[in-house]
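Chemist: Next up is a structure, given as structure tokens.
The values are calculated or read from the model by the stated rules, or taken from the named source; none is laboratory data. If you're wondering where the values come from, they're calculated on a predicted model, not measured in any experiment. Heads up, the Cβs are rebuilt from the backbone with ideal geometry, glycines too, and the neighbour counts pull from every protein chain shown. Heads up: the accessible areas ignore ligands, DNA and RNA and are worked out on the full protein's heavy atoms, side chains in. Shrake-Rupley method; radii C 1.70, N 1.55, O 1.52, S 1.80 Å.
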There are 2 protein chains.
Amino acid sequence: MKEQIHFSILHTDASTNARITTFETHHGVLETPVFMPVGTCATVKACTVDQLYDIGIPIILSNTYHLYLQPGDSIVREAGGLHSFMNWDRIILTDSGGFQIFSLSQMSKIHPNGVEFKSFRDGSSHFFTPEKTIAIQKNLGSDIMMPLDICTKFGTPQKEVEQSSKTTVQWAKMAKEAAKENENQILFGIVQGGFQVQSRQECMEQLKEIGFPGYSIGSLSVGEPREIFEEITEHLAPQLSNSPVYLMGVGDPYRILTAIGMGVDMFDCVLPTRIARNRTLFTRGGRITLTNKRFEKDFQPVEDTCECYTCKNYSRAYLRHLYKSDEILASTLGSIHNLHFLHQMIEDAKKAIRNNTYQQFMSSFLSSYEEGEKLRQQEKG
Amino acid sequence: MKEQIHFSILHTDASTNARITTFETHHGVLETPVFMPVGTCATVKACTVDQLYDIGIPIILSNTYHLYLQPGDSIVREAGGLHSFMNWDRIILTDSGGFQIFSLSQMSKIHPNGVEFKSFRDGSSHFFTPEKTIAIQKNLGSDIMMPLDICTKFGTPQKEVEQSSKTTVQWAKMAKEAAKENENQILFGIVQGGFQVQSRQECMEQLKEIGFPGYSIGSLSVGEPREIFEEITEHLAPQLSNSPVYLMGVGDPYRILTAIGMGVDMFDCVLPTRIARNRTLFTRGGRITLTNKRFEKDFQPVEDTCECYTCKNYSRAYLRHLYKSDEILASTLGSIHNLHFLHQMIEDAKKAIRNNTYQQFMSSFLSSYEEGEKLRQQEKG
């Protein structure tokens, strides 16, 4: 593993902690802030790689848990690694499988040296150790790896949170040891520690002592109130500012922009592609559900100002028709729009950071977006 | 309706009736032989229009029945017609809905002036007359329209076949009258008449008397033996050779190539995209089912010599993985390959026609293809 990465802070906004950074990976330099689309099973659902390249996506996330189960990481290795297998020549980050073990498996049991679980596909039994998840990610050949960790749900008793956090740190150390020969791969540390600042602080300090070229913040945006999310992010991010900071599993515009203002660099989430398959698209004025009757004769694009393939070529009425007809193309065109929306939002955020106007940009963006979301909730309620 | 079209026979093969023709439509000159992918609900399933353009597809077929029910042809008209609605700027042929009424609807009842049916979507009642299907197709703005017809299943009593054929001819006359003001649209006649040469002959003669700029052959490839299919096609096509000849609903390589040799110019079928969604891809050596275990570590493309997007970028192992994971991308990549396969097969057929070697080309192509299909059946059985 590369212990040191060439990490540069290109610009920090004057009045927030928002920043533009770059760091090197085996498949190119990554500029942040960045949102990573999720390609769970070696494909970002409903999109070709060319459609992602057209948007300008520089990095995707893929799931170790899923690829280990199907097709199996040894097959991906035989194919020449995940980049070659799925025909993606930009950067790939793989998670450790920890989150999926706890969220998808019918059974999971934590042992001191790893976690036992049953496959969500066929119920077969498996055991992941910190070393094993690194070995799998080595087979996948991702640029950025994650160590096996224990995710905590909101509401977990504090004593259990602290035990999990302690185990996560031990596993991180074992993962680092296991990864040391992976020359082309970077291993991040994952800060766990639940929903209290003190236990997060302890976990972070222990990880920094082990030393990683980048750090992620896990188990946030899992049901806790926004205040707790903000308190923990705001507390951790500045202390990690000498490295890339990755906030895992966050995809809604409010949390992304808020976290960027606190110094977070990287994000991933299934949200944009999942809601797109579920008939819902982002707009600057909040999300819209395309099957709504009011779009029946709406021959305008989803957003007038949007430059995505979908908005340049199709109307809301056409998308509504595709969703009503359960057409696959709806998922494709919707996913392209939603991924472009987040990508463009972050491009605009970068411009604001360069101009030292991030605070104004964020307030203005979120005031329009949240206003629309509020109306949407009222209409629903 | 354009009663006369500028139709040219560019070349006829020396030893078969295979030919290259062109004729003008409102969205460009169509060169035949040609296979039309089916875009039932204003989208060729799982493909973007750019993916179809990349293959070189010059014309698609879309379904009047489906678009009438959802989103409704008046909405398509308001969108500026089907071309504008679905962002397709090449040629579109729409069918009359006849086939769908009889194959999809829970109930259909033939009256002298039209057919009553219940929607397959919601069970609502509808009535199509020859005039109405033309009015709908006018709203859709397709380049080539079809008149309402009565499709006959293989095994229908001859008396009923003849009655249906008679009605089809009457309706064709009414459709022609209704279409006469549609300046930019061409109306073909549809030869029905079941599975006996004599009743087909009568239907064809009556239609020719009415006079259409092109003719299609309906209700073939609906379960009848190959010999009957060939007998009727071989009988009709040469007598229609002064106009474009369109054989409806035929998509398998054997029947396409055989019919081209008999002088048929146009084909359509859901087969290539439907089997692609069902894990099955065309190869020159017969169809293959990608989920087969033997492709697990097969890192070759579906076909070595294929120039399609899928074969240039992906392996059989990757496609197998996508199918096993129920990924949408499998349908997209599979459909691209299958549509390219038929498109390329016909491009190769055209080359052979120009070289007066169609017979050899067809024999060689089908010997390899049918051999593979035979083995496939044996493996299955």
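Chemist: Can you give me the number of residues within the range A:174-198 that are within 17 Å of A:L247 (Cα to Cα), out of contact with any Pro (no Cβ under 6 Å at 6 or more places or on another chain) and surrounded by 17 or more Cβ atoms within 10 Å (Cβ to Cβ)? Steps first, please.
Modeler: Let us first name the residues in the range A:174-198 that are within 17 Å of A:L247 (Cα to Cα), namely A:186-197.
Okay, now just the ones that are also out of contact with any Pro (no Cβ under 6 Å at 6 or more places or on another chain), so A:187-197.
Okay, now just the ones that are also surrounded by 17 or more Cβ atoms within 10 Å (Cβ to Cβ), so A:187-195.
Result for the range A:174-198: 9.
Chemist: Same structure, new question: Got at least one residue in the range A:364-381 being within 14 Å of B:T43 (Cβ to Cβ), small (G, A, S) and open to solvent by 10 Å² or more (accessible area, probe 1.4 Å)?
Modeler: No, the range A:364-381 contains no residue that is within 14 Å of B:T43 (Cβ to Cβ), small (G, A, S) and open to solvent by 10 Å² or more (accessible area, probe 1.4 Å).
Chemist: Moving on. Scan A:Y65, A:Y53 and give me the residue that is open to solvent by less than 30 Å² (accessible area, probe 1.4 Å) and either on the phi < 0 side of the Ramachandran plot or assigned to a strand (DSSP E or B) (or both).
Modeler: Sole residue among the options that is open to solvent by less than 30 Å² (accessible area, probe 1.4 Å) and either on the phi < 0 side of the Ramachandran plot or assigned to a strand (DSSP E or B) (or both): A:Y65.
Chemist: Within the range A:45-62, can one find any residue that is farther than 30 Å from B:V49 by Cα and touching a Leu at 6+ places or on another chain (Cβ under 9 Å)?
Modeler: no
Chemist: Please go through the range A:295-310 and pick out each residue that is in contact with a Phe, Trp or Tyr (Cβ under 9 Å, 6 or more places away or on another chain), within 25 Å of A:Y254 (Cβ to Cβ) and among the hydrophobic types (A, V, I, L, M, F, W, C).
Modeler: A:V302, A:C306, A:C308
Chemist: Just one of A:P33, A:P58 is more than 13 Å from every other protein chain (Cβ to nearest Cβ), at pLDDT 95 or above, surrounded by fewer than 22 Cβ atoms within 10 Å (Cβ to Cβ) and under 18 Å from A:G251 (Cβ atoms); which is it?
Modeler: Result of the check over A:P33, A:P58: A:P58.
Chemist: Give the residue that is least open to solvent (accessible area, probe 1.4 Å), with candidates limited to residues of the range B:83-94 that are touching a Pro at 6+ places or on another chain (Cβ under 9 Å) and within 20 Å of A:Y309 (Cα to Cα).
Modeler: Looking at residues that are touching a Pro at 6+ places or on another chain (Cβ under 9 Å) and within 20 Å of A:Y309 (Cα to Cα), I get B:F85.
Chemist: Among the numbered criteria (1) under 21 Å from A:H66 (Cβ atoms); (2) open to solvent by less than 30 Å² (accessible area, probe 1.4 Å), which single criterion is violated by B:D326?
Modeler: (2)
Chemist: So, in the range B:68-82, of the ones that are at the interface with chain A (Cβ under 8 Å from one of its Cβ atoms) and crowded, with 20+ Cβ neighbours inside 10 Å, which residue ends up farthest from B:L148 (Cα to Cα)?
Modeler: The qualifying residue farthest from B:L148 (Cα to Cα) is B:A79.
Chemist: Take A:A135 and decide whether it is part of a helix (DSSP H, G or I) and surrounded by 22 or more Cβ atoms within 10 Å (Cβ to Cβ).
Modeler: Answer is no for this residue.
Chemist: Among A:T64, A:T43, A:T22, which is the only one that is free of Cβ contacts under 8 Å to residues at least 60 places away in the same chain and either within 23 Å of B:Y323 (Cα to Cα) or in contact with a Gly (Cβ under 9 Å, 6 or more places away or on another chain) (or both)?
Modeler: Of the residues listed, the single one that is free of Cβ contacts under 8 Å to residues at least 60 places away in the same chain and either within 23 Å of B:Y323 (Cα to Cα) or in contact with a Gly (Cβ under 9 Å, 6 or more places away or on another chain) (or both) is A:T43.
Chemist: Sticking with this one: Looking at (1) within 10 Å of chain A (Cβ to nearest Cβ); (2) more than 15 Å from the chain's Cα centre (by Cα); (3) open to solvent by less than 10 Å² (accessible area, probe 1.4 Å); (4) not hydroxyl-bearing (S, T, Y), which is the one condition that is false for B:V44?
Modeler: Unmet condition: (2).
Chemist: Among the candidates B:I260, B:I256, B:I228, single out the residue that is touching a Phe, Trp or Tyr at 6+ places or on another chain (Cβ under 6 Å) and either in a loop (DSSP other than H, G, I, E, B) or open to solvent by less than 10 Å² (accessible area, probe 1.4 Å) (or both).
Modeler: Result: B:I256 is the single residue among B:I260, B:I256, B:I228 that is touching a Phe, Trp or Tyr at 6+ places or on another chain (Cβ under 6 Å) and either in a loop (DSSP other than H, G, I, E, B) or open to solvent by less than 10 Å² (accessible area, probe 1.4 Å) (or both).
Chemist: Let me ask something else. Sort through B:P238, B:P244 and tell me the only one that's modelled with pLDDT of 95 or more and in contact with an Asp or Glu (Cβ under 6 Å, 6 or more places away or on another chain).
Modeler: Going through B:P238, B:P244 in turn, the sole match is B:P244.
Chemist: Just the residues that are outside any loop (DSSP other than H, G, I, E, B), surrounded by fewer than 21 Cβ atoms within 10 Å (Cβ to Cβ) and β-branched (V, I, T), please, taken from the range A:206-225.
Modeler: A:I210
Chemist: Looking at the range B:203-231, I want the residues that are at positive phi and have a partner that is among the hydroxyl-bearing types (S, T, Y) with Cβ atoms under 7 Å, at least 6 apart or on another chain. Which pairs are those?
Modeler: Pairs that qualify, where the first residue is at positive phi and the partner is among the hydroxyl-bearing types (S, T, Y), are B:S219/B:T152.
Chemist: From the set of residues in the range B:1-19 that are surrounded by 19 or more Cβ atoms within 10 Å (Cβ to Cβ) and aliphatic (A, V, I, L, M), which is farthest from the chain's Cα centre (by Cα)?
Modeler: B:M1
Chemist: So is B:I275 surrounded by fewer than 23 Cβ atoms within 10 Å (Cβ to Cβ) and in contact with a strand residue (DSSP E or B) (Cβ under 7 Å, 6 or more places away or on another chain) or not?
Modeler: When the stated conditions are applied, B:I275 does not pass them.
Chemist: Moving to a separate point now. Which of the helices (runs of 4 or more DSSP H) found entirely inside the range B:277-371 contain at least 1 residues meeting this: over 20 Å from A:S84 (Cβ atoms) and within 14 Å of another protein chain (Cβ to nearest Cβ)?
Modeler: Where helices (runs of 4 or more DSSP H) fall fully within the range B:277-371 and carry at least 1 residues being over 20 Å from A:S84 (Cβ atoms) and within 14 Å of another protein chain (Cβ to nearest Cβ), they are B:328-354.
Chemist: Pick from A:N338, A:N292, A:N313: which is touching a Phe, Trp or Tyr at 6+ places or on another chain (Cβ under 7 Å) and at pLDDT 95 or above?
Modeler: Going through A:N338, A:N292, A:N313 in turn, the sole match is A:N338.
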